């Protein structure tokens, strides 16, 4: 039997990058998937591509800066799939915000990053929880190992991902009574569209600092996501799993 057979999973930020890779792996493992993203055209295209591969994937547009859009997204995903068994909070602002010191970050950028990366993760969990509570399920929050080693010139993003790690533990405590697990994955610097702006020196830093010295691919992370959504991980909750080739040893 497929690892996620009959599971119904909502994945935010699924139109491209890591979210796209998560959606493909989760659907290939037997789940029905809804990908949610602010990029409507890209999201619809991705869903069509997945369906052409024989995978059960639909698209719903969402703006994580808009609480009403988040609520609608969860409701639509639940309606499309006839229920909800899992949520992957992957969507975040990362592209084009790096390279500034703590003295140079604009307040407007700080607020935007916190609104989407932190508040958006909280509100999406809040919106999905009533559906997950009906049968129990799994939530996987995607953080970043930058919050574990304190990457410089990226403090707003680092702070947002540190908040995701911290609040995931509170979520695990609060939702455990409903048989809902909440875990966090902290990927390292991964070769996706969102990291194309990252300087070559930072890529080299990661490769040379890893126990497994190579570039990280999206496929290096998907197995951990599928596992945490599966019944095999049903008694694992409140945990942080760095997936970064040993750049940070937890």
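Read-outs throughout are calculated quantities, based only on the coordinates presented, and are distinct from any laboratory measurement. Nothing here was measured: the structure is a model prediction, and the numbers come from that model. Cβ coordinates were reconstructed from backbone atoms using ideal geometry, including for glycine residues, and neighbour counts include every protein chain displayed.
Just a few scattered comments:
- Segment residue 235-residue 104, extension gain: residue separation times 0.36 nm, minus the distance between their alpha carbons: 42.8 nm
- In this simple spin-label approximation, residue 135 and residue 6 carry label points 7 Å from Cα along the Cα→Cβ vector, and these lie 0.7 nm apart.
- By the beta-carbon count within 10 Å of each Cβ, the least crowded to most crowded order of 145, 103, 220, fewest first, is 103, 220, 145.
- Per-residue packing, averaged as other Cβ atoms within 10 Å, sorts the ranges 149-160, 166-177 into the order 149-160, 166-177, beginning with the highest.
- Spatial separation of Cα centroids for the stretch 222-250 and the stretch 2-16, in angstrom: 16 Å
- Of 187, 218, 199, the residue with the greatest mean-square motion in the GNM of the chain, using alpha carbon springs below 10 Å, is 199.
- For the listed peptides 104-110, 132-138, a ranking on the average number of other beta carbons within 10 Å per residue, highest first, reads 132-138, 104-110.
- Principal-axis tilt of helix 40-52 within the chain, Cα atoms, nearest 10 degrees: 60 degrees
- Order of 38, 221, 236 - criterion: other Cβ atoms within 10 Å of each residue's Cβ, fewest first: 236, 38, 221
- Antiparallel DSSP beta bridges within the chain, as percent of all bridges there, nearest 5: 0 percent
- Packing-based exposure ordering (other Cβ within 10 Å, fewest first) of 189, 84: 189, 84
- Per-residue ellipticity at 222 nm, computed for the chain from helices alone with -39500 (n - 2.57) per DSSP H run of at least four residues, works out to -13500 deg cm²/dmol.
- Added length on full extension, which subtracts the Cα-Cα distance from 0.36 nm per residue, residue 65 to residue 79: 2.8 nm
- Simple label model, 7 Å out from Cα along Cβ direction - residue 41 to residue 177, nm: 4.8 nm
- Using distinct alpha-carbon pairs, which all enter the 1/r mean, Kirkwood radius of the stretch 1-90 in Å: 12.5 Å
- The angle between the Cα long axis of helix 200-209 and the longest principal axis of the Cα atoms of the chain comes to about 80 degrees, rounded to the nearest 10.
- For the options 127, 52, 147, a Gaussian network treatment of the chain with springs between C-alpha atoms closer than 10 Å singles out 52 as fluctuating the most.
- Relative to the longest principal axis of the Cα atoms of the chain, the long axis of helix 120-132 makes an angle of roughly 20 degrees.
- Overall size of the stretch 127-229 from C-alpha positions, given as principal axis extents largest first: 47, 27, 24 Å.
- Added length on full extension, which subtracts the Cα-Cα distance from 0.36 nm per residue, residue 170 to residue 248: 25.8 nm
- When both the stretch 22-57 and the stretch 114-168 are represented by their alpha-carbon centers, they are found 22 Å apart.
- Dimensionless Rg/Rh of the chain - Kirkwood Rh, Rg from C-alpha atoms: 0.94
- Distance histogram in 5 Å bins (all Cα pairs of the stretch 109-175, percent per bin): 3, 17, 26, 22, 14, 10, 5, 2, 0
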